[in-house]
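The values are calculated or read from the model by the stated rules, or taken from the named source; none is laboratory data. In this text, all values refer to a predicted model and were calculated from it rather than measured experimentally. Positions of Cβ are backbone-derived with ideal geometry, glycine not excepted, and every protein chain shown enters the neighbour counts. To get the accessible areas, we keep the full protein, side chains included, count just its heavy atoms, and leave off ligands, DNA and RNA. Shrake-Rupley method; radii C 1.70, N 1.55, O 1.52, S 1.80 Å.
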Amino acid sequence: LKPEPRVGHSAVVKDGKMYIFGGKGKRGLLSDLWSFDFQKKEWTRKQLSRQLNPRKGHMAFVIGNEMVIIGGLSDYLETLSFSIDLDSFVLSEIEDFGNFPQSLRYASGAVLDNNDIIIYGGMEFKSK
């Protein structure tokens, strides 16, 4: 068992495992979470505590034991930010602040030593 091929997904590494979320597959946008164990060389699909809107072009970061997902493109105008606890796979919504559009996608970012996230660039979706 392994994830379907995809583009526009996110990936982070924590404690010897890579986690990938979302992206776009053959049948459209995805909202699944998979982990790859580097030592065992095996994929596992993770069951999240609730369903998320599928998305691509988002960013992901590890802060502590959480995978933080920000932005992206979805079939819905808003793509709320959230975190996934990498032990329990419980989701929590995150309140964005600063000059941050809800429809931000294809941006770059970094986590600072104090666990602040800095985001730079990207595109904002604006309907006509």
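The table below lists the values:
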quantity: Ile70 being open to solvent by less than 40 Å² (accessible area, probe 1.4 Å), modelled with pLDDT under 95 and more than 12 Å from Phe89 (Cβ to Cβ); calculated: yes
quantity: Any hit, segment 17-24, residues being in a strand (DSSP E or B), in contact (Cβ under 8 Å) with a residue 40 or more places away in the chain and of a type in the set (Val, Ile, Thr); calculated: no
quantity: Residue count for segment 84-102, restricted to those that are farther than 21 Å from Asp37 by Cα and modelled with pLDDT of 90 or more; calculated: 2
quantity: Of residues in segment 25-40 being open to solvent by less than 60 Å² (accessible area, probe 1.4 Å) and either among the polar types (S, T, N, Q) or touching a residue at least 40 places away in the same chain (Cβ under 8 Å) (or both), the one nearest to Phe89 (Cα to Cα); calculated: Leu33
quantity: Number of the exception - Ala60 against (1) modelled with pLDDT of 65 or more; (2) outside any strand (DSSP E or B); (3) surrounded by 10 or more Cβ atoms within 10 Å (Cβ to Cβ); calculated: (2)
quantity: Residue pairs meeting the criteria (Cβ under 7 Å; at least 6 apart or on separate chains; first among the hydroxyl-bearing types (Ser, Thr, Tyr), in segment 45-57; second open to solvent by 40 Å² or more (accessible area, probe 1.4 Å)); calculated: Ser49/Val90
quantity: Test: residue in segment 73-83 that is modelled with pLDDT of 90 or more and either open to solvent by 50 Å² or more (accessible area, probe 1.4 Å) or out of contact with any helix residue (DSSP H, G or I) (no Cβ under 9 Å at 6 or more places or on another chain) (or both); calculated: yes
